[in-house]
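Each value in this text was obtained by applying a stated rule to the coordinates, not by laboratory testing. Quick caveat: nothing in here was measured; it's all calculated off a predicted structure. Note: ideal-geometry Cβ built from the backbone for every residue, glycine included; neighbour counts use all protein chains shown.
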Amino acid sequence: MKFGKSNINSARKFRTPTPRAGEARNPFETKRGVFRKMMFVRTSFLREHAMKTFLARFAPLIHFVLSGFDRLRFRGESILLSNQRGVDAYLFRQQIRYVNFIDHCEHLTHTLCQQTDQLAQSQGVPLKHLNSPKIDKEATALELAAAQPCSAPAGRIALITAVESCFTYRLRKNTDGRAYPVKQEGKCKHYYHYFQHPELGLCYVRVQTYFPFTIRVGVNGRHWLYQQLRNRHIAFEHRGNLLLSVADIPLAQQLLDAQVHADYAKILGELVEPLQPLSEHLHTYAPYYWMAEQTEWANDFVFHSADDLATWYKRWVRHGIENLNCTDVLKYLGKKRPSRCKDEAKIDLRERPEGTRLKFWYGTNSLKMYDKESISFRPETTVNQPKEFQVFGKNINAGPDEAAKWRPMRKGVVDMERRAEVSQAANNRLLESLATVAETETLGELLKGLGEPVIKNGKRLARALNPLTGKDGELLRILARGNFLIKGFRNQDVREALYGKTEDAKERQRQAAAVTRLLALVKGHELIVKVQKSHRYHVSAAGRRTVTALLTAHGCDATRLAGGE
């Protein structure tokens, strides 16, 4: 989205990227009618208040904003061959004894390697073996491609091999002395097929050469976007996976939005099938089931000036280190009840080649921000454990009468839309907090209205607040900690935060009444807003600015407030 005559809403509406004259429709568009669906789907995760708040404060400094997938890593695995009982069924149908299992696997491996090498040689694809899996394969592939006069059919630019870790089956003896296949970690040769794909851009397919022949596919949403822009002859400039400028910003956002709803099972299947010589044999028994092993969702706020970004980024990093805590990390990543969380939460600050990176972890899921190429501010959510989030729907094996309900998110590509939604929600919560750092009013100006009673139409609606001390100040600091950013808060939440839990029913009733009066008070000062048809409240935009400033001031000693270190 670009700022100027077009407003913030321009990138939040789905419009059909109409093919130009003489241009064929994209074969990677799903048959389910992605673009028709896009005209009606309301992307709430791009409409949330946090994005509005952040843009309202920094719009004059920002050239444009793009939101979408960055790095995507998929895994294709046979459901049948991924477990012991499935392997038993496969061997029974193939009429293979356990003692002949290894010979069968080695025969399949030999067939795969021989046909893969022959295909690469016939197509003129350069082949190189790497002695270490730590060598940068993408850089090696690009070097090999640069030395070739032209690419192979379908844009294949290089074939790289390396011995890497994997899960495979070995014969192991049980207590009775019988040998049977056991799945365990091992090592084998892997093929990396690198593409400059006509639709997906730069991507790769990794083929495991030993049973059960697991597939991994790496796609970058930004490179996918670049290729789509090239196909539409739209001028753009990029540096790595950062789009620096583009002639048609709304179209670029629409193309990124379309990636959310793409038919990934179809796309990945068509990409992999020509590269797997055993596909016909394996699909007879168990086709690949596609999972999103890792997804990254990024918002790129490209600034007009690198100096402006540098100035504000220092403040954001300082805010993240000094004011945010591990409870905030859990809330940002969707954990409504931190007390029930078992994995470790942590905050990490590092200097990376891409820029200074501040990262928030919970388990293997993370939320980070960095100054990409010193010109773009990028908050990014990485999902490795989707089960930590929830999706609303039916079980895949549910009967027709079973009702839909909230369930743990699956690894399968069927939940890609929900992944995008929860990732953008995490980014929004971080942006909500960072937006308060931009407050240019002095603390005295912010608090001026709170120190006076609220009078409307000659009627006193609320008394003056004491925002730094007493129950008034304690309540405002509680609202500033980020504990209620996901679904707001109720009287009970505030009561337990202020007074703790009690088993005395009368005392609970007395405390609830006191909290009701406090909430009415801050609502009268427009620091919170009530959610319609519910008992929940949210902190308002003005309230966020005020309570965050109060929390920062409350945590500073006199020396720091005076400008010292």
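For a 26 Å ceiling on Cα separation, which of these pairs sit above it: Lys335/Lys530; Lys331/Lys533; Lys128/Lys368; Lys346/Lys387; Lys448/Lys501?
Lys128/Lys368; Lys448/Lys501
Separation between the Glu273 and Glu106 pseudo-spin-labels, each 7 Å from Cα along Cα→Cβ, expressed in nm? So the label points at Glu273 and Glu106 sit 3.3 nm apart.
Note: relative contact order over region 184-265, using C-alpha pairs below 8 Å and six or more positions apart, is 19 percent. Dipole orientation for region 152-253: of the candidates Leu171, Ile160, Ala252, Leu171 has the Cα lying most toward the positive pole (charges on Cβ; Lys, Arg +1; Asp, Glu -1). The largest-to-smallest principal axis extents of the Cα set in region 136-259 are 70, 35, 23 Å. If R0 is 56 Å, the Cβ-Cβ spacing of Lys506 and Glu138 corresponds to a FRET efficiency of close to 0.25. Lys and Arg at +1, Asp and Glu at -1: add these up for the other residues within a Cβ distance under 14 Å of His110 and post the number. Neighbour charge sum, excluding His110 itself: -2. Summarising the label geometry, the points placed 7 Å from Cα in the beta-carbon direction at Lys183 and Glu351 lie 4.4 nm from one another.
Can you give the Rg to Rh ratio of region 210-276, both from alpha-carbon atoms, with Rh computed by the Kirkwood formula? Before the final figure, lay out the partial values.
On the way: Rg = 14.8 Å, Rh = 13.7 Å.
On the Cα set of region 210-276, Rg over Rh gives 1.08.
The listed peptides 219-228, 171-180, ordered by packing as a protection proxy, come out as 219-228, 171-180 (highest mean of other Cβ atoms within 10 Å first). Remark: spin-label model distance Lys387-Arg85 equals 1.8 nm, labels positioned 7 Å along the Cα→Cβ axis.
Determine the gain in length on full extension of the stretch His281-Ser122; use 0.36 nm per residue of separation and subtract their C-alpha separation, reporting nm with one decimal. Display every interim value, and only then the final one.
Values: separation 159, 0.36 × 159 = 57.24 nm, distance 2.28 nm.
Full-extension gain reported as 55.0 nm.
If R0 equals 22 Å, the separation of the Cβ atoms of Leu498 and Gln532 corresponds to a calculated FRET efficiency of about 0.30.
Our estimate of slack between Lys405 and Val163, defined as 0.36 nm per intervening residue step minus the Cα-Cα distance, is 82.8 nm.
Between Ser374 and Ala310, the contour length at 0.36 nm per residue exceeds the Cα-Cα span by 22.3 nm. Shown here are the Rg and Dmax of the Cα trace of region 86-155, at 17.8, 49 Å.
Order these peptides, 384-391, 356-363, by their mean beta-carbon neighbour count within 10 angstrom, highest first. Intermediate results must be reported in sequence, preceding the final value.
Working: 384-391: 17.1, 356-363: 19.8.
In descending order of packing, they fall as 356-363, 384-391.
Label zone (Asn174, point 7 Å along Cα-to-C-beta; backbone nitrogen cut-off 12 Å) within region 78-111: 85. Placing +1 on each Lys and Arg Cβ and -1 on each Asp and Glu Cβ, with no other charges, gives region 140-271 a dipole about its Cα centre of roughly 700 debye.
Our analysis of region 457-531 gives Rg over Rh at 0.98, with the two radii drawn from alpha carbon positions and Rh computed by the Kirkwood formula. Based on C-alpha pairs under 8 angstrom that are at least 6 apart in sequence, region 65-182 has a relative contact order of 24 percent. For region 167-200, the residues whose backbone nitrogen is under 12 Å from a point 7 Å from the Cα of Tyr98, taken along Cα to Cβ, are 171-182.
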